[in-house]
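Written out below as structure tokens is the structure these notes cover.
The values are calculated or read from the model by the stated rules, or taken from the named source; none is laboratory data. On a predicted model such as this, the values are computed, not experimentally measured, just so you know. Cβ placement follows ideal geometry from the backbone for every residue including glycine, while neighbour counts extend to all protein chains displayed.
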Amino acid sequence: MIDRRQFLKSVGVGLALPALESVPSASAMGAPVNAPVKRLVAIGTFLGFHTPSWFPKEAGSDYTMSPVLESLDDMRDQFSLFSGLDHRGANGHKNWKNYLTGVGTPSVSFDQLVAKAVGSATRFESLQVTCGTPPAAAQMSFTKQGVFLPSIGRPSVLYSKLFSSESDKARMGYLLDSGGSALDLVMDEAKSLQRRVTARDREKLGEYFSSIRDVEQQLQKQRQWLDKPSPKIDYPLPEFDPMAPDLSLECESIMYDLMTLALETDSTRVISFLVPGAGQVFSINGKLLSAGYHGLSHHGNDQDKIAEYNKVGTEHVRRFGKFLRQLSERRDPDGKPLLDTTAVLYGSGMGNANTHNNSRLPVLVAGGGFKHGSHHAIDRDNPSATTPLLGDLYISLMQSMGMETGQFAGVNRNMNDYLL
Amino acid sequence: MRWRTICGILATVPALVKANEETAIVPLPEHADKFLIEYCLNCHDEEEQKGGMNLDMMEIDWRDPDAATPWILAYEMLEGGEMPPKKKQQPSEIERHVMLQWLDEMLTERDPPGGTVLRRLNRAEYENSVSDILGLRFKAPDSFPADLEFHGFDNVGAGLVISPPLMAQYFEVATAVADQIIPPAGEAAEVPVETAHVGPDDFTLNFTTGHPIDGVLRMVSSSDPLARGSVWPNRFEARVTGLYTVKLDLSSYRPVGGHVPQVKLLAFPPQLGSFAAASGLRELARVHVDEQSAQTYELEVDLQKGETLVIHYENAALNSDGDDGQLERNTADLLHIFREDPLLGAAWKVAGYQRSDRGWSWWNRIQQIKNAPGFTAEGFDPESEEVAEFARRMARTKVNLVETMCCYRFFKGPGLDVHAMTVTGPLPAERRLVEVVGNEFTSVDFTGTLTAEQNYRLISSRDLVAGSLVWPSRFEAKVSGVYAVGVDLVPFDTGNAFFESREEHGLLEVYARESSAELYEPVDTMRKLAEFRFDPKRFNTQEYLTEVELVKGETIGFRWGNSPLYSDEGSRLFSAKSFAPLSENRRIHAAYQRLGRAKEFAAADYYDEVMRLAQSDELDLDDPALDKAPNFETGPANGLFARLARQDLIRHGPAVDIVKATIDGPLRLVEDNEMKAQRLRTEKFMGERQGRTDREYATAILQRFLSKAFRRPATSEQVAKYVAIVIEHTADGRRFKDGVHLAIRAALCSPQFLYRGSEEGVLDDYDLASRLSYFLSGSPPDEKLLALAAKGELSEPHRLAAETRRLISSNRVNRFLDSFTGQWLDLRLLPEIMPDSRLINWNDNYLKAITAETQLFIAEILRENHPLKTFIDPDFTYLNSFNARLYGHDFKGDRTMERVPLERGGRHGGILGQASVMMATANGVDTQPVLRGVWLLENILGDPVPEPPANIPAVEPDTSGATSIRELLTRHQADPGCASCHSKIDPPGFALENFDPIGRWRTSYPIYEMKGEKVVKRDGLAVDATGQLADGTQLENVTDLKRYLVENIDVFAKCLTEKLMIYATGRELSYGDRKEIEAIVARTKAQGNGFADLIVELVLSDSFLTK
């Protein structure tokens, strides 16, 4: 049901002025220097997991690893599991995109708030990654203006973005340099226009000036990164991009490798990774599954289907585990294990794919130097004033990165007690 | 005691108050102050601010752009008698009059028509502008931020903000667009030829599209979405655009009844996604698979970069597409299976359908039952009505059933087996020599004939392909390039013919012919490549050779350019002159007259008979009947003489025999169509250099382009700045073209392009052209508008009216209609609303139908200049089978929208009865009369109410059916605070209560109850749509509301004009604008109140003509 006031507004009764989008200055956002966590990776699987096979039966630190998560057992001290968390949001594939925004779009996803705070130090403020061409509803990262950020689904494209060749860089450098003179010209035009117009129009042109200046700064920043040599890496990118839907698990492995490289070379500090899923029929260990992935997710509580759905889930988790191990083996520029200074969120915006229910989401937090090793079972059925929501976890993650965030998506507590 | 404040700006920013202080800040006259204290400030003082209204001031600061707003409202309330409230102390008539007069004078002076702030192009305007000024089809990328709505529209200056992310997008798009005009210099890399081997396991499988079985990939479905009926290799895509060889190893599996699998090979760009329709993809080849052992089919195909190859089994046994016949088809498919395998049928019947049964999981469940020891098919009769009913029930699971039937067909056939696929490419443009001899030419009608020596004899040179051109049947250029074309010919002339021997040189012409060109296409539309002059007297083989350019897909055609049998220019008939040797022969003429049409003779025999008769003594040459001149202007005589001429030329000459033709190439490559289109775009943009210097050339290019981009002639100063960056760029060693590329990028980010309407006061002709054009076509002004503006004639009222009518009658007016009605009537909300599944099994067909109905309806009102009351109570609407169902209309047609007459005064019809509007004002689940009432006041009645007080919760409808919505809302009447607005809101809102959330008529509210597993609907409380409008008009239901509006059409006219004015001028309306609107409404009414007339009057008004 549409809220009454919202409706009245949308039909134009309201006379509110649109707020001019103000750009927070770098210092106000306080790019934190000494925060314990430096990087964020947020991962979501579009078709979720069979949560009864994901949530451990016991709470606390002495839990038995659940079937889907079994391959992570050796890493159990490096992550925390949460059950009973969600945003109390709407259901259905369409509302999957609440996963990182907490509330319906258009609104900002929390990875982008983090990117604004910590992204200025790296070449890419943030990266959005996926595998192949996901379904249209599979959207995860949104800007402050609520604009969906499209993801890169082709390994070779992500690779060349991160480690561009000299000829690519030459063209990009040319466009940036010449773009600077184009901006000078239009700025000049705007100034002469400004002299001719009314006071209100002058005010309006203010938007133009500040936006141009912002773009100029972006150009300068890109230019600086361009002059630095691309990181030299020795990664054998497969000759063929596995773009076909039934190869998306293969693509997933490569994307994790490239994400590790992106963090290791400090090319970015914020990555969101959407693991897509649609009707593709996977072949696992040489055996073709009996139905498409989406069909399996609607298992109708058929045990055979659940078993196969879990096979896919297990494959996702296995690849994720490999990613965590890579992060714990590689070092950040300060010589610390990458995993210790990178907060990794893993889960899904869908709690029960069978019924398209978006509550009780599977949520895992790894790395970041947090207190780990437990399964925190949140009692969603008997909520009290202190029962946390998923947004509270995001607030904690943001705070751990040095951001002074007190609220997000309508919630205003945190889950520091669970993590610190 | 009350406390008065001085306006906030004065207190905080005294520095701003300088020159205009005396005129900008105006104290209230004493009488006004007294009036306010007496009658208004009890509620509307600084403290109370009832309804958000604060009149508590001693002076008005006119520097505040919103200073007029409360006073306009005060004027309207006072004038309409709504304030002071009836229960409060009332001013005398004289007091009221004096106050109104003061307000009117002050507002007329201080808030005149106009005041639009700089308007940025919104997304649609930006797309149309980029497309128009550069001659492209441009769509903004998804990453473009959305525009804000302001005063109900997304084209209002104040709401159109430029934010840093938007600017970044403008900047990025500018480069991408400039690349399309002037592509970056690039070096073509050599791409090695590679072969991809695709085995049965290397295809992308979705659902049950195919199944690896016995070492092959078996297919059995022909569904249109790729994910349901096709397979494609998961590791092959074309690395570059080019030619590829495909080898397909296919066989037919268990064909029955002469089934021959027909396979389509399609080109597929994977970014379209797995649900792309096979029917929408480019077809590369078709093969018929008529062997049960693997056969290799070798094909040569064209692929664009990134495309892969899809195998689609067109005539497979099964199909899950959701068309009209789906249920019957799938029922029949299942019964067919039951007849083939009754045991399976019996097991299936036991298994039934359980939630989420689909494909293999359903199949395995059935198999378990079937394979259980002792299970028999006893009692299962595939022909029984019971089983037929069961099959029909299963078929309702649609795709689930089809995918399960696929499992059966995978074993039983018929099917298609894919053994392997090999793709090799890109093939180098291999030079080939093709030799074409006589019987390898295609020719038609009168062109010529094959001789005994197997030469091709050309005899005529008609102006059509048929009758003049001969071309090789099996050659077309695989790539665009230069080819060497040779021809060996022998002139033929026995000297015994009626036609004179040729003395001057012969002419053999070579044309480029697209294989799709029509046979009756005039020859002069074809590209002439070359001509050979041959000696008509040298009767041994003459050889000719030349080089020609062929575009991919073209073939060559030969024509004897100067045959004695020819047609006049532009005529399909042969020239009467070319028959002269025959028709002027007295004997032949007489023989022709004697034989008449001679239908009984074949062409050759007719010639023989004419010749025999002509030489015999059977003809009486004195008979005047045989002396009539034939009429060659008409077909029969022309045709018959052409036959005679043709036979004579074939037998005796003169003619020319083509012995053979050779085509050798490509010797080198030339651009293909895509490259050519690109080159033409660049050329068109740049124009010819004509020996000018860089500076002169750049000035010419940019003067033209910037004037288009800025929608007015660019000043020499503006052009000079752009020329300067081009010159500077070339001085840096860049190409001249790169400088132009940079200038395009800059112009697309220029404020002159992105904003419109910068000149103050009355619009000059150019700003007027833009305002008019974006208003009615969503695009920049066209050449005609700009030409009128250049002459300063556009602002002449008769011109302006004529141009307005021209735009209204143009196709582009649909952009205005879609955008305006989409926002005014909130049709844009429709795709977001998902009706409750208990109400209806909603699908996109309904959505399309109800949207199209309103669009077509309003388009007709505009096109036909119907009177405004047509909006409310028309005698027509547009229906198809879907929206007709919502209205319970006995419509006989199909999905095509048709204009259907309606009785006036009815429930449906008009914007207060159309499903689109009723749905947009509800939420898909239930209706809320308050929301619809607010909507009507805002959008139809033109009497908006302020926002509801913040501390009062919204009334939640009671869906249990115990309390009616009316009972819930009775407290609106009880509380005077609520009543001040709700007495206006509720009556019209309730009048629409007979319309359910999807616009169907109802007389009671539904109640849903669970009956076991099922949801059952029953009738709840009766709908009560009655009410009373403020003026006392009694409403029984919506028909009374419609009658009220027709009788008081000015109310609606004013509201509609206000909306149009906001949309057209992009501003919140001033007091002066409101006065203008009243005048527009009156003038339009005097002309008959037509909708098109209203728009013309609006355009001619001071409000439209003022910034």
Q) Quick one: would you say B:Ile556 is of a type in the set (Val, Ile, Thr) and not in a helix (DSSP H, G or I)? A) yes
Q: For B:Glu383, state whether it is acidic (Asp, Glu) and touching a strand residue (DSSP E or B) at 6+ places or on another chain (Cβ under 6 Å).
A: no
Q: Output yes when any residue across region B:668-686 is in a strand (DSSP E or B), of a type outside the set (Val, Ile, Thr) and modelled with pLDDT under 95, and no when none is.
A: yes
Q: With the condition kept exactly as written, say whether any residue in region A:164-185 is closer than 30 Å to B:Gly761 by Cβ, touching a residue at least 60 places away in the same chain (Cβ under 8 Å) and not small (Gly, Ala, Ser).
A: no
Q: For region B:208-254, name all the residues that are of a type in the set (Phe, Trp, Tyr) and within 14 Å of chain A (Cβ to nearest Cβ).
A: B:Trp232, B:Phe236
Q: Provide a single number: the residues in region A:280-333 that are among the charged types (D, E, K, R), touching a Leu at 6+ places or on another chain (Cβ under 7 Å) and not in a helix (DSSP H, G or I).
A: 3
Q. Out of all the residues in region B:309-364, which are acidic (Asp, Glu) and more than 14 Å from every other protein chain (Cβ to nearest Cβ)?
A. B:Glu314, B:Asp321, B:Asp323, B:Asp324, B:Glu328, B:Asp333, B:Glu340, B:Asp341
Q) Which residues, taken from region B:283-311, are without any contact (Cβ under 8 Å) to a residue 40 or more places away in the chain and exposed (fewer than 15 other Cβ atoms within 10 Å of the Cβ)? A) B:Glu283, B:Arg286, B:His288, B:Asp290
Q | Scan of region B:883-909 for residues that are touching a residue at least 60 places away in the same chain (Cβ under 8 Å) and touching a Ser or Thr at 6+ places or on another chain (Cβ under 9 Å), ordered by number | A | B:Tyr887, B:Gly905, B:Gly906, B:Arg907, B:His908
Q: Give the residues of region B:963-987 that are under 46 Å from the mean Cα position of the chain (by Cα) and of a type in the set (S, T, N, Q), sorted by residue number.
A: B:Ser964, B:Ser983
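Taking the stated definitions as given, is A:Gly313 at pLDDT 85 or above and away from chain B (no Cβ under 14 Å)?
Considered against the rule, which asks whether it is at pLDDT 85 or above and away from chain B (no Cβ under 14 Å), A:Gly313 comes out as yes.
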Q) Quick one: in region B:217-253, which of the residues that are part of a strand (DSSP E or B) and at pLDDT below 90 is farthest from B:Phe410 (Cα to Cα)? A) B:Gly242
Q) Looking only at residues in region A:182-197 that are at the interface with chain B (Cβ under 9 Å from one of its Cβ atoms) and surrounded by fewer than 16 Cβ atoms within 10 Å (Cβ to Cβ), which one is nearest to B:Ser758 (Cα to Cα)? A) A:Arg196
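Residues are listed down the side, and each one gets a yes or a no for (1) under 27 Å from B:Pro270 (Cβ atoms); (2) touching a Cys at 6+ places or on another chain (Cβ under 9 Å); (3) without any contact (Cβ under 8 Å) to a residue 24 or more places away in the chain:
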residue	(1), (2), (3)
A:Met243	yes, yes, no
A:Leu249	yes, yes, no
A:Ile306	no, no, no
A:Phe320	yes, no, no
A:Leu338	no, no, no
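Name the residues in region A:118-127 that are of a type outside the set (Val, Ile, Thr) and surrounded by 24 or more Cβ atoms within 10 Å (Cβ to Cβ), would you?
Residue satisfying the conditions is A:Leu127 alone.
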Q | Scope region B:116-140; condition part of a loop (DSSP other than H, G, I, E, B) and more than 8 Å from chain A (Cβ to nearest Cβ); matching residues | A | B:Thr116, B:Leu121, B:Asn122, B:Gly135, B:Leu136, B:Arg137, B:Phe138, B:Lys139, B:Ala140
(Q) Can you go through B:Thr730, B:Thr804 and tell me which one is within 30 Å of A:Leu183 (Cβ to Cβ) and either of a type in the set (S, T, N, Q) or buried (at least 19 other Cβ atoms within 10 Å of the Cβ) (or both)? (A) B:Thr730
**Q.** Residue satisfying all of: in region B:533-582; charged (D, E, K, R) and in contact (Cβ under 8 Å) with a residue 60 or more places away in the chain; nearest to B:Lys660 (Cα to Cα) among these
**A.** B:Arg559
**Q.** helices (runs of 4 or more DSSP H) (entirely within region B:335-410) containing at least 3 residues that are without any contact (Cβ under 8 Å) to a residue 40 or more places away in the chain and within 24 Å of A:Ala353 (Cβ to Cβ)
**A.** B:359-371
Q. What is the number of the single condition among (1) at negative phi; (2) surrounded by fewer than 13 Cβ atoms within 10 Å (Cβ to Cβ) that B:Arg704 does not meet?
A. (2)
Q. Would you pick out the residues in region A:198-255 that are facing chain B (nearest Cβ under 8 Å), farther than 19 Å from A:Asp184 by Cβ and of a type in the set (Phe, Trp, Tyr)?
A. A:Phe240
**Q.** When residues of region B:1010-1021 are limited to those that are in a strand (DSSP E or B) and over 44 Å from the mean Cα position of the chain (by Cα), the one farthest from B:Ala979 (Cα to Cα)
**A.** B:Lys1011
Q: Search region B:807-838 for residues being of a type in the set (Asp, Glu) and under 22 Å from the mean Cα position of the chain (by Cα), and hand back the single one that is surrounded by the most Cβ atoms within 10 Å (Cβ to Cβ).
A: B:Asp826
Q: Quick one: which residue in A:Ala35, A:Ala28, A:Ala19 is surrounded by fewer than 22 Cβ atoms within 10 Å (Cβ to Cβ), at pLDDT below 95 and not in a loop (DSSP other than H, G, I, E, B)?
A: A:Ala28
Q.
For region B:464-486, check the following and say yes or no: at least one residue is among the small types (Gly, Ala, Ser) and more than 27 Å from B:Pro666 (Cα to Cα).
A. yes
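Could you please let me know if B:Thr870 is under 30 Å from B:Pro1006 (Cβ atoms), more than 14 Å from chain A (Cβ to nearest Cβ) and either part of a helix (DSSP H, G or I) or not charged (D, E, K, R) (or both)?
Taking the combined requirement at face value, the residue does not satisfy it.
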**Q.** B:Arg457 being among the basic types (Lys, Arg) and touching a helix residue (DSSP H, G or I) at 6+ places or on another chain (Cβ under 8 Å)
**A.** yes
